[in-house]
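Enquirer: Okay, here's the structure, questions in a sec.
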There are 2 protein chains.
Amino acid sequence: MKRTSLPKKGYNGNIYYNIKVLQNYRSKGRACKIFGGIFLETISVIANSLSLSNFLHDVAEKFHTYIFDRGDRIHVKMGETLFCEGDPAQRCYFVLKGRLRLTKLHEQGKTVVVRYINPGELTAAIAVFKEKNYPVTAQAATAAETIGWNKQTMVDLMAEFPQLAINMLRVAVDRLDDLQARYLELCAEQVEQRIARALLRIMRQSGLKTEDGILIDFRLSRQELAEYTGTTLYTVSRALSAWEKKGWVISGRERITVSDPHALVLFAENG
Amino acid sequence: MKRTSLPKKGYNGNIYYNIKVLQNYRSKGRACKIFGGIFLETISVIANSLSLSNFLHDVAEKFHTYIFDRGDRIHVKMGETLFCEGDPAQRCYFVLKGRLRLTKLHEQGKTVVVRYINPGELTAAIAVFKEKNYPVTAQAATAAETIGWNKQTMVDLMAEFPQLAINMLRVAVDRLDDLQARYLELCAEQVEQRIARALLRIMRQSGLKTEDGILIDFRLSRQELAEYTGTTLYTVSRALSAWEKKGWVISGRERITVSDPHALVLFAENG
DNA sequence: GAAAGTCTTTGCGCCGGCGCAAAGATTGAA
DNA sequence: TTCAATCTTTGCGCCGGCGCAAAGACTTTC
């Protein structure tokens with residue numbers, strides 16, 4: 001087992017697109033300042049390649065550029081924090097590329113991963129509708145490109161494109177549904193089963209086919225998987241070890257490949 | 001300890017209002033058919049007495065009657081099911097009086113209480129925005145009066161009163177926030193602490209001051225509290241017994257009075 | 001390429017909470 | 001009033017999962 005190396009180039013997050021232009025700009029430290037022109041062409045590719053079923057659903061394509069242009073382009077390096085639980089919520093964000101991790105911190109110090117925000121998804125809608133603080137912390141699980149709109153801008157946009165409000169509502173309803181499902185799992189299932197489900201969920205969102213199976217394409221430590229499933233890193237480690245012996249997964253340091261998804265699904269469903 | 005009897009009249013759910021008219025009509029089995037006139041006067045009282053911050057927020061009061069009138073008035077007896085997890089979502093509901101229990105059923109048979117819907121709150125917004133099935137089952141935890149709008153009606157209303165869409169979004173965002181908080185609790189806290197928090201939460205929503213303390217004004221079994229906190233009825237029973245010995249609560253069959261809320265809060269926060 | 005830092009594995013012991021079982025309490029129906 | 005149904009309590013035993021500790025594996029830095 002061990003270590004199939006990650007594809008080196010042209011891939012980050014789960015969107016494939018011509019990344020050259022962006023990389024050139026970034027290498028000159030200017031990525032965050034680019035608007036319009038070539039760069040927005042890239043955005044358009046992203047928007048189309050995704051099931052952008054959500055935020056821009058039923059908004060005519062010709063307006064996408066305009067809408068993105070009204071926000072600020074924000075790049076976050078891996079591990080950096082985009083916004084922090086408890087801070088006043090001022091902006092909502094759309095992820096173009098990369099992956100955000102939303103966490104919540106418990107008084108007694110324990111951290112819980114509430115959700116991952118993938119390319120094409122929106123987060124912190126709360127900023128637009130409530131005079132409140134962010135309920136979670138958003139960190140970049142991989143280097144990420146985002147667009148952030150502040151409250152007033154988004155309100156204006158929603159007045160201009162009422163469909164945006166509807167879409168946002170759809171997003172919120174979906175998130176609620178998803179979280180309810182996970183709440184149920186947390187109550188009703190044993191740890192190993194939950195770990196299996198979590199792994200499969202992440203795999204579906206960020207899986208990358210390789211010859212050994214489906215590789216999860218971002219750094220995912222035992223600790224992090226534990227925080228996502230409500231358990232401890234020891235328990236996760238033991239589960240992965242056991243599954244590796246059965247040939248279901250291949251795991252290395254912060255890297256997991258699911259080599260037998262079918263077996264894992266069976267286990268997730270029947271215990 | 002034991003058995004302080006529930007106040008007999010004029011109270012149900014957590015709204016106080018002149019209930020006579022309604023009761024007269026109901027006793028003749030006609031409550032479900034009443035619209036407009038006197039009855040809507042009652043509704044108006046309800047709407048004002050609540051922190052209706054939500055669904056009707058910023059909608060001029062003169063329109064409330066009209067909006068309610070567009071829906072169907074539906075009465076559910078205690079224990080009856082309003083809609084069922086997995087059925088096609090056709091209607092969303094507003095609770096006027098009483099309390100709904102939203103549950104989700106796990107494959108392996110375990111039931112989880114996802115949320116309670118109190119007077120003044122809306123549920124099943126999903127029916128309006130998605131071609132989906134209800135993600136939860138709604139049962140009446142006490143006899144309840146609701147207004148149900150079907151999909152098209154609500155879409156029309158939202159076109160007429162765009163504020164309704166905004167309010168609905170606010171509701172969804174709030175629910176998400178609340179569920180995230182409970183998800184965190186479930187991951188990070190011990191059972192007894194969670195039971196304490198749940199009891200306090202329910203108390204705040206449905207507490208009724210009595211001379212012995214704050215009585216939870218609807219039937220709440222150990223089993224149900226267990227399903228709300230992700231544990232078993234045995235564990236809940238043991239916790240309540242222990243707290244009763246400490247003088248924090250007084251509990252009887254399907255009935256709980258919190259006699260020392262302060263102690264319970266301390267326990268909930270510090271374990 | 002050596003050393004420091006970080007992540008992972010695994011043995012071991014412990015305990016919070018589960019769940020059966022059986023008795024007791026309360027309620028509703030006949 | 002009695003009986004059946006339902007809910008609650010509590011003793012007892014068990015075990016899933018936690019968490020320490022220490023060694024091993026992998027990465028990064030200089």
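Enquirer: Quickly run through the stretch B:147-166 and pick out the residues that are farther than 16 Å from B:ASN54 by Cα and surrounded by 21 or more Cβ atoms within 10 Å (Cβ to Cβ).
Expert: Answer for the stretch B:147-166, where residues must be farther than 16 Å from B:ASN54 by Cα and surrounded by 21 or more Cβ atoms within 10 Å (Cβ to Cβ): just B:TRP149.
Enquirer: Kindly evaluate B:PHE267 against the criterion of being among the aromatic types (Phe, Trp, Tyr) and away from DNA strand D (no atom under 16 Å from the Cβ).
Expert: The answer is yes for B:PHE267.
Enquirer: How many of the residues making up the stretch A:171-191 are more than 8 Å from every other protein chain (Cβ to nearest Cβ) and among the β-branched types (Val, Ile, Thr)?
Expert: The total comes to 2.
Enquirer: Also, quick follow-up: So which of B:ASP260, B:ASP178, B:ASP212 ends up being under 30 Å from B:ASP58 (Cα atoms) and more than 14 Å from DNA strand D (Cβ to nearest atom)?
Expert: Step by step, each of B:ASP260, B:ASP178, B:ASP212 is checked, and only B:ASP178 is under 30 Å from B:ASP58 (Cα atoms) and more than 14 Å from DNA strand D (Cβ to nearest atom).
Enquirer: Continuing with the same structure: In the stretch A:228-271, what residues are touching a Ser or Thr at 6+ places or on another chain (Cβ under 7 Å) and away from DNA strand C (no atom under 11 Å from the Cβ)?
Expert: A:GLY247, A:TRP248, A:THR257
Enquirer: How do the strands (runs of 3 or more DSSP E) wholly within the stretch A:84-161 filter down when requiring 3 or more residues that are among the small types (Gly, Ala, Ser): which remain?
Expert: Here the list reads A:137-150.
Enquirer: Next question, about the same structure. Tell me, which residue of the stretch B:128-165 that is polar (S, T, N, Q) and in contact (Cβ under 8 Å) with a residue 60 or more places away in the chain is nearest to the other protein chains (Cβ to nearest Cβ)?
Expert: B:GLN163
Enquirer: Given the options B:ARG201, B:ARG194, B:ARG99, name the one that is under 26 Å from B:LEU220 (Cβ atoms) and within 14 Å of chain A (Cβ to nearest Cβ).
Expert: Being under 26 Å from B:LEU220 (Cβ atoms) and within 14 Å of chain A (Cβ to nearest Cβ) holds for just one of B:ARG201, B:ARG194, B:ARG99, which is B:ARG194.
Enquirer: If you don't mind, there's one more thing I want to ask. Output the residues belonging to the stretch A:215-226 that are assigned to a helix (DSSP H, G or I) and away from DNA strand D (no atom under 11 Å from the Cβ).
Expert: Selection gives A:GLN223, A:GLU224, A:LEU225.
Enquirer: List the number of the failed condition for A:LEU169; all other conditions in (1) at pLDDT below 95; (2) not in a helix (DSSP H, G or I) hold.
Expert: If we test A:LEU169 against (1) at pLDDT below 95; (2) not in a helix (DSSP H, G or I), just (2) comes out false.
The values are calculated or read from the model by the stated rules, or taken from the named source; none is laboratory data. Predicted model only: the values in this text are computed from it and were never measured. Note: ideal-geometry Cβ built from the backbone for every residue, glycine included; neighbour counts use all protein chains shown.
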